[in-house]
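K.L.:
Quick one: the structure is below, and I'll ask about it shortly.
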Amino acid sequence: MLRLRTDLTEPDPEVNISNLDPRAPLVLDTRELGRRPGSMREMTRTVPAPPDLGIDVLGVAEGAPVELDLRLEAVMEGVLVTGTARATLTGECARCLEPLTEDTEVGFQELFVYEDHAHQGEGAEDDEVSTLEGDLVDLEPLLRDAVVLALPFRPLCMDDCPGLCPDCGARLADDPDHTHDAPVDPRWAALTELKTHDD
Ligand SMILES: [Zn+2]
Ligand SMILES: [Zn+2]
């Protein structure tokens, strides 16, 4: 995952160097917690989905509403973010290619470590640690991981979707009794289609 390497700049706890936009919908300001362990804040917000929230065949359309329930808790080393996100996935069935929509609800939790604490960390694990940028937390990578992890490996329009007819490509769910007297030779299939158009 691409994450800002805050350690490329000289750490200076007096100055909040941040590349995050505090007005961005998925950026949270933790200033109110005042770095007091035990202080907590709960919030609910609906944000437009960022681009690429999902995978090619299934995901939350960019700009579609994502409802977030969030709890921010100050702990010794940072801010613990716990939340759930609800959104509608759109995509297509892996078997019959029919468009599908599906509601999803995912939970996530992540400890965002204060920058000055992160720099003391055991170097090797540094990349694994999410850090606050000043008072700001970027929820987007966390949300994206949670949504992608919860996606079905092969989205289906229904559990037992029969897929497409191997002979003519018809969607079998629409026509369960669909049969062919004899396997259709692809060359004949093209002719049959021409004839149908003539009728
Ligand atoms: Zn299907
Ligand atoms: Zn068929």
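The values are calculated or read from the model by the stated rules, or taken from the named source; none is laboratory data. Every value quoted in this text rests on a predicted model; they were computed, and no experiment measured them. A quick note on method: Cβ atoms are made from the backbone with ideal geometry, for glycine too, and the neighbour counts reach across all protein chains shown. What goes into the accessible areas is simple: the full protein's heavy atoms, side chains included, and nothing from ligands, DNA or RNA. Shrake-Rupley method; radii C 1.70, N 1.55, O 1.52, S 1.80 Å.
K.L.:
Take residues that are in contact with a strand residue (DSSP E or B) (Cβ under 7 Å, 6 or more places away or on another chain), at pLDDT 75 or above and surrounded by 13 or more Cβ atoms within 10 Å (Cβ to Cβ) and tell me which of the helices (runs of 4 or more DSSP H) falling wholly in region 94-199 contain 2 or more. If you could, list the steps in order and put the result at the bottom.
P.N.:
Numbers: elements: 115-118, 140-150, 186-198.
Qualifying helices (runs of 4 or more DSSP H): 115-118, 140-150.
K.L.:
Of all residues in region 63-78, count the ones that are open to solvent by less than 10 Å² (accessible area, probe 1.4 Å) and within 20 Å of residue 145 (Cβ to Cβ).
P.N.:
Residues flagged as open to solvent by less than 10 Å² (accessible area, probe 1.4 Å) and within 20 Å of residue 145 (Cβ to Cβ) within region 63-78 amount to 5.
K.L.:
Going by the structure shown, is residue 86 among the basic types (Lys, Arg) and in a loop (DSSP other than H, G, I, E, B)?
P.N.:
On the way: among the basic types (Lys, Arg): yes; in a loop (DSSP other than H, G, I, E, B): no.
So residue 86 fails the test.
K.L.:
If residue 81 passes every condition in (1) in contact (Cβ under 8 Å) with a residue 24 or more places away in the chain; (2) of a type outside the set (Gly, Ala, Ser); (3) open to solvent by 10 Å² or more (accessible area, probe 1.4 Å) but one, which one does it miss?
P.N.:
Evaluating residue 81 over (1) in contact (Cβ under 8 Å) with a residue 24 or more places away in the chain; (2) of a type outside the set (Gly, Ala, Ser); (3) open to solvent by 10 Å² or more (accessible area, probe 1.4 Å) leaves (3) as the failure.
Matching residues to (1) at pLDDT 95 or above; (2) closer than 24 Å to residue 134 by Cβ; (3) touching a Phe, Trp or Tyr at 6+ places or on another chain (Cβ under 8 Å):
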residue: 14; (1), (2), (3): no, yes, no
residue: 18; (1), (2), (3): no, yes, no
residue: 42; (1), (2), (3): yes, yes, no
residue: 47; (1), (2), (3): yes, yes, no
residue: 55; (1), (2), (3): no, no, no
residue: 79; (1), (2), (3): yes, yes, yes
residue: 84; (1), (2), (3): yes, no, yes
residue: 87; (1), (2), (3): yes, no, no
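K.L.:
So which pairs qualify, if the first residue must be in region 144-164 and over 18 Å from residue 52 (Cβ atoms), the second must be part of a helix (DSSP H, G or I), the Cβ gap must be under 8 Å, and the two must be at least 6 apart or on different chains?
P.N.:
Filtered contacts from region 144-164: 157/173; 158/173; 161/173; 162/172; 162/173; 163/172; 164/172.
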